[in-house]
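Student: After the structure tokens below, expect a handful of questions from me.
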Amino acid sequence: MTMPRAGWFALAAVVCFGAGWLTGGAGRSAVDLERRDAVERAGLDRVRAETLAGRVALYETNFGQAAQRFGAAVEAAREVQAARRALSRAEAAGRLEPVLTHLQEAQRLAAAISNDAHGAASQALAALAAAR
């Protein structure tokens, strides 16, 4: 094999490698974005589910379980908020502050065996709907 022919083969190999590398990574960022969005939606759904479970516990006059459920909702909301901040989405993370405030109030009221926890939980759900 002559030297120019070996050069052409080497160039063709580099071009094929570059093209494969570019097309292999082309859709990766879109997939990562969709995965992050799905994880965030799952976290927000967990906040909603825990809040609703806390309200059910209040209807059953099980204030201890309601306080635990509201506490779990607070933790889930903090996880979503931290994930949003990690992605430099400070505004979206800030929209969860009212949710956290109402959930903490619902947790405090449930621990104090107060039926006012229903109202705080309802406000938390409304704030969560606005924060999505």
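The values are calculated or read from the model by the stated rules, or taken from the named source; none is laboratory data. Everything numeric in this text was worked out from a predicted model, so none of it was measured. Neighbour counts run over all protein chains shown; Cβ positions are idealised from the backbone, glycine included.
Student: Could you identify the single residue in 37, 45 that is of a type outside the set (Ser, Thr, Tyr), at pLDDT 95 or above and closer than 25 Å to residue 95 by Cβ?
Tutor: Residue meeting the stated conditions: 45.
Student: Can you tell me which residue among 87, 52, 100, 109 is in contact (Cβ under 8 Å) with a residue 60 or more places away in the chain, of a type in the set (A, V, I, L, M) and on the phi < 0 side of the Ramachandran plot?
Tutor: Result: 52 is the single residue among 87, 52, 100, 109 that is in contact (Cβ under 8 Å) with a residue 60 or more places away in the chain, of a type in the set (A, V, I, L, M) and on the phi < 0 side of the Ramachandran plot.
Student: If a residue must be over 13 Å from residue 70 (Cβ atoms) and either at pLDDT below 95 or part of a helix (DSSP H, G or I) (or both), how many such residues does the stretch 96-112 contain?
Tutor: Adding up the residues that qualify gives 2.
Student: Shifting gears a bit: Residue check, residue 88 against (1) buried (at least 22 other Cβ atoms within 10 Å of the Cβ); (2) not in a helix (DSSP H, G or I), all met but one. Which one?
Tutor: (1)
Student: May I ask you to list the residues in the stretch 115-132 that are in contact (Cβ under 8 Å) with a residue 12 or more places away in the chain and outside any helix (DSSP H, G or I)?
Tutor: 115, 132
Student: Then there's this: Being modelled with pLDDT of 95 or more and not small (Gly, Ala, Ser) is the filter; apply it to the stretch 119-132 and report the residue that is nearest to the chain's Cα centre (by Cα).
Tutor: Top of the filtered list is 128.
Student: When the residues of the stretch 48-84 are narrowed to those that are β-branched (Val, Ile, Thr) and in a helix (DSSP H, G or I), which ends up nearest to residue 94 (Cα to Cα)?
Tutor: 80
Student: Can you pull out the residues in the stretch 9-33 that are more than 21 Å from residue 95 (Cα to Cα), surrounded by 10 or more Cβ atoms within 10 Å (Cβ to Cβ) and at pLDDT 75 or above?
Tutor: Across the stretch 9-33, the qualifying residues are 9, 10, 11, 12, 13, 14, 15, 16, 17, 32.
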